[in-house]
Structure formats: structure tokens, C-alpha cells
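Some notes on the structure that comes next.
The values are calculated or read from the model by the stated rules, or taken from the named source; none is laboratory data. Every value quoted in this text rests on a predicted model; they were computed, and no experiment measured them. Cβ coordinates were reconstructed from backbone atoms using ideal geometry, including for glycine residues, and neighbour counts include every protein chain displayed. Side chains are part of the model used for accessible areas, which takes the heavy atoms of the whole protein and leaves out ligands, DNA and RNA. Shrake-Rupley method; radii C 1.70, N 1.55, O 1.52, S 1.80 Å.
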Amino acid sequence: MPRSFAALCALAVLLAGCATNPATGEKQFTLVSEGQEIQMGLEADPSIVGSMGLDPDSGRQRYVRELGMRLARVSERPNLPWTFRVIDDPVVNAFAFPGGHIYVTRGILAHLNSEAELASVLGHEIGHVTARHSVTQMTRQQVAQLGLVVGTVLRPDLARYTGIASQGLGLLFLKYSRDDESQADHLGLRYMRRAGYDAHRMPEVYTLLERVSQAGGGGRVPDWLATHPNPVNRRGAIDREIAALPPDSIGTVVNRDVYLRHIDGVVFGDNPRDGFFHGSEFLQPELRFRITFPVGWTTQNQRQAVVAVSAQQDALEQLSLSDQASPDAAAQAFFSQPGVRGSPGRGSVHGFAAAGGAFSAITQDSTALAGRVVFVAYDGRVYQLLAYAPQARWAAYAGAADQSVGSFDRLTDPAVLGVQPWHVQVVTTGQPILVDDFVRRYPGPTPAAVTALVNNVDPDARLGPGLVKRIVGDPLP
């Protein structure tokens, strides 16, 4: 094909993919249609819900959904199939998927202090959707070379672009540019003003995020800051934008008390009912089991698996649920996989029926692995206990892995079985009170600094009068 014709084809695709975005007023080039964008979100949503879980409080879900819809209706894309969900995750976070899927964590709800602040967060995420930031990023990745554009002319199906949707959680790792973030801030401010919310509450969110970030040394740094950087700089930009607005366009609705009543009782921090670590021992009160991982390994409790990684990051152990009906069936399915070699046998772990054994495997990139897998029947479920390393390193870890797998046992400690999560509790103060004095009057499991943080004040500030948040609960056993 002559070069001139290829260039004309590429130009035709570029022109066909360019349209004026109604939210930004800018020409926007994308190879993803609105229908494909919607499909991406619909396909990704079950992955998010399955891997992260939903806040079980239906009233809180309804409250966030209704507020989100109020804001989405005043956006430039009101007819998208918008969904707004509260994710059961303690990290301060909020994110958007293409097609109108918006998620906020219970962690960020616990730290916000008014409906107007929540409206600014939801408005910002709605802005990412209306500006089509995610699909634009995908297009930039796909059309890195002119040859890809020419290819769409010669083979005009876009299945490989819509295939991005199958990555599900991978969409979370698309990074927005600074311009995208500024644009989402601008749009979020627009939507909360259109809905009548006090625009001055938006900068308060950035103050909160900065405080949470500074406090992250002793806990978990908010994921929201990973994809939404520089809260201090962004506060300055929003302050300047608000100052330039006509006073009668800023909005007046705050709804602080309404918001605090809705988040009263929300779980704060990690929920021990989902399992927790005591040193290298993992305790699961809901499923009533315990297991000890190798000492010195880095551990993580994920919703679908508990994982431990060696200090050298060259070995891994994982506990998860099998979808098979028995240890024998699970072992047979595992050892029948292409590239897996080994012969499963039967046995027991602390009296529970088990099946499995040593295995070797060749990965798709030709890496040789060796390890051990054991499937254990316990309390109506089949658990998979898997440990492996590169074949040349497995001998150094086999003993520790076997000992860990053999530690799986019934959990019987009443104190652990009855452990409960911490919650946010809203109380009323009749007059201003110093944070330290408030904590002495309302003692809890967290230091005064946490009380100041969730109320978005400095540690030496006064709280109240009115509704104030505190953390309630018992220390872990």
C-alpha cells in the first residue's frame, strides 16, 4: 500500500475518532465508542465488587447512590448508566471506571465531615467520566504508533480495544495526568455548584487528604493520593477558582449533621472479622481457623486470599478457597493443569482430610517452579494451601513451607472468635472542647491524633459544639 494512501487512511481514522467533548468543550480523539466505554464498566464492576466487597449497610449505600445520581444528572452525560457504590475497604480512596461507575471506600467516608465534602469527591470522579479520561488514556496507549492507526483501517474491527475491559482491575492502574486531575477538579466544582453545594467545602477535602498522608507513617497511606496527587497544590488552584466566582453561584448546602448521621456506625480501619495477623500467625474468627506463616515473610490479608512472600521475594505461600467439592477433586484438578507435574496423595492435617503433594511446573515464560500444594477439608469448605519458588530456590524454603502448611488448624480461642471491628460513633458536645479533653471524656482504642484526623482538625484544636466523631471498640486480643 503506498505511503500516501496509508497516511490518508490514518488521517481518516483520526478525524473519525475526534469529537467535541460536551463536558470540556475540547476536541477529543478516542478509539473507544460510548457503547464500548459502557461495556467496559459493566464488565469491570463485578471484579471490583468481588475483590474488594461492598459496605453491607444498605442505608449508607442508598445515601451515596442518591447523592451521586443528583450530581450525575447535572453533568453533561446524565444518561450514562451511573452506579455509585461504597466499597468495604479501610483505605481513604475513591475512583471511577468508564461508563459511569463510581466507587468510594468506607475509609474515605469515615474521614469526610459533610455531605458537601462527599459531593466534591463524587463530583471529581464524575468529572473523570464525563471528560472520558480513562478511555483517552487507553487510546493513547493503543495508538502509540501510526501503524496501529493504519491497522484499524485495514482491519476495521475494534475488538482488541474493547478487549481492555477484560482486564477488570487493571483499569485501576491507569494513571491520570496532572491536566486530567485539574480538569476533574474543575468539573467536580461545577457539578457540586449546580447541585447547590457550598464550593468552599471542596478545598477542605484536600486539607484532609494532606493530613491523612502525613499521618500515613504509622498506618496505611491513602490510595486516593496515588492517583490523585498533590492535594496542597490542588487546594490552592481550587481556592483561586472559587475566589473568581460570582458569590451567588458558589452554593450554600453543607449538610454536615445529615452526613454524620449517615456514617455513624461505619467500620473504621481493618475489620478483624475478615481475619488478622498476630505476628506471623493469621487468625480468621469468621471461618474459625488459624495458620502460621514463615517468620520474617511479608504477609497480606486480601479478600480472596492470604499471601506471604519471602524476605528475598523469591518464594510465595498462599491460602485460598478451592471451588472443588473435596480435597481429592481439588488435587486432581490442580495436577491436571498443563505444565504441572507431580502425583497427589492423600493424608490429613490436624485430623482434617487432605490431598496434595510436591509439584513442579513450567510457566508461560518458561520459568521452572517447584513447590507443594495441599487441599484441606474443613468446616464444609476446601482450602488450598500453596507454596512455591523458582526450582533452584525451592529447597531453601521447602521445610518452612511444609511447617506452615501443617500449622493449619481449628481456631478455638473465645476472645479471638468474638473479636469485633472498631466503628465511628457520632456524639454531641454542648460546648467547644479540646481534642485531648474530648478523648479523656470519650476514651477509645485510638490515640487523640486519630480523633483529630477523622474530624479534620489539628491535634491542639477544639471540637464542637455539635456533632463530633470518635472511634469506639476494643483492642485486638
- [ ] Considering only the stretch 324-348, state which residues are assigned to a loop (DSSP other than H, G, I, E, B), in contact (Cβ under 8 Å) with a residue 12 or more places away in the chain and small (Gly, Ala, Ser).
- [x] Ala325, Ser326, Gly339, Gly342, Ser343
TODO: Output the residues belonging to the stretch 276-288 that are farther than 11 Å from Leu476 by Cβ and open to solvent by less than 70 Å² (accessible area, probe 1.4 Å).
DONE: Gly279, Ser280, Glu281, Phe282, Gln284, Leu287
Task: Sole residue being more than 27 Å from Asn271 (Cβ to Cβ) and either surrounded by fewer than 17 Cβ atoms within 10 Å (Cβ to Cβ) or out of contact with any Pro (no Cβ under 6 Å at 6 or more places or on another chain) (or both), chosen from Asp413, Asp474, Asp460 - done: Asp460
TODO: Out of Gly342, Gly357, report the one residue that is surrounded by 14 or more Cβ atoms within 10 Å (Cβ to Cβ), on the phi > 0 side of the Ramachandran plot and out of contact with any helix residue (DSSP H, G or I) (no Cβ under 6 Å at 6 or more places or on another chain).
DONE: Gly357
Open item on the list: touching a residue at least 60 places away in the same chain (Cβ under 8 Å), outside any loop (DSSP other than H, G, I, E, B) and either farther than 14 Å from Gln384 by Cα or out of contact with any Ser or Thr (no Cβ under 9 Å at 6 or more places or on another chain) (or both): is that true of Leu287 in this structure?
Closed with: no
- [ ] Could you give me the residue pairs with C-beta distances under 6 Å whose first residue belongs to the stretch 424-442 and is within 11 Å of Arg470 (Cα to Cα), whose second residue is among the aromatic types (Phe, Trp, Tyr) wherever it lies, and which are 6+ apart or on separate chains?
- [x] Val424/Phe268
Task: Hits in the stretch 290-307 - residues which are within 16 Å of Tyr388 (Cβ to Cβ) and in contact (Cβ under 8 Å) with a residue 24 or more places away in the chain - done: Phe293, Pro294, Val306
Task: Subset of the stretch 43-68 (residues that are open to solvent by 50 Å² or more (accessible area, probe 1.4 Å) and more than 17 Å from the chain's Cα centre (by Cα)) - done: Asp57, Ser58, Arg62, Arg65, Glu66
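In the set Ala377, Ala370, which member is closer than 17 Å to Ser322 by Cα and open to solvent by less than 40 Å² (accessible area, probe 1.4 Å)?
On the way: Ala370 fails: closer than 17 Å to Ser322 by Cα.
On inspection, the qualifying residue turns out to be Ala377.
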Open item on the list: Between Leu174, Leu209, which is surrounded by 17 or more Cβ atoms within 10 Å (Cβ to Cβ) and either at pLDDT 85 or above or touching a Pro at 6+ places or on another chain (Cβ under 9 Å) (or both)?
Closed with: Leu209
Open item on the list: Restricting to the stretch 244-274, and then to whatever is surrounded by 13 or more Cβ atoms within 10 Å (Cβ to Cβ) and polar (S, T, N, Q), can you tell me which residue is farthest from the chain's Cα centre (by Cα)?
Closed with: Asn255
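Using the structure shown, decide if Gln364 is at pLDDT below 95, under 30 Å from the mean Cα position of the chain (by Cα) and not aliphatic (A, V, I, L, M). First the steps, then the outcome.
Working: at pLDDT below 95: yes; under 30 Å from the mean Cα position of the chain (by Cα): yes; not aliphatic (A, V, I, L, M): yes.
Spelling it out, Gln364 is indeed at pLDDT below 95, under 30 Å from the mean Cα position of the chain (by Cα) and not aliphatic (A, V, I, L, M).
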Open item on the list: Of the residues Asp239, Asp185, only one is open to solvent by less than 50 Å² (accessible area, probe 1.4 Å) and either over 26 Å from Pro447 (Cα atoms) or modelled with pLDDT of 50 or more (or both); which?
Closed with: Asp185
Task: Residues that are in a loop (DSSP other than H, G, I, E, B) and either over 16 Å from the mean Cα position of the chain (by Cα) or among the polar types (S, T, N, Q) (or both), drawn from the stretch 72-101 - done: Val74, Ser75, Glu76, Arg77, Pro78, Asn79, Leu80, Pro81, Trp82, Asn93, Gly99, Gly100
- [ ] Answer yes or no: is there a residue in the stretch 289-301 that is within 27 Å of the chain's Cα centre (by Cα), under 18 Å from Trp394 (Cα atoms) and surrounded by fewer than 14 Cβ atoms within 10 Å (Cβ to Cβ).
- [x] yes
Open item on the list: Of the residues Leu411, Leu385, only one is within 30 Å of Gly339 (Cα to Cα), touching a Phe, Trp or Tyr at 6+ places or on another chain (Cβ under 7 Å) and in contact (Cβ under 8 Å) with a residue 12 or more places away in the chain; which?
Closed with: Leu385
TODO: Kindly establish whether Ala355 is in a strand (DSSP E or B), touching a Lys or Arg at 6+ places or on another chain (Cβ under 9 Å) and at pLDDT below 95.
DONE: no
Task: Enumerated helices (runs of 4 or more DSSP H) restricted to the stretch 393-477, each holding at least 2 residues that are farther than 24 Å from Arg201 by Cβ and at pLDDT 95 or above - done: 394-405, 414-417, 435-441
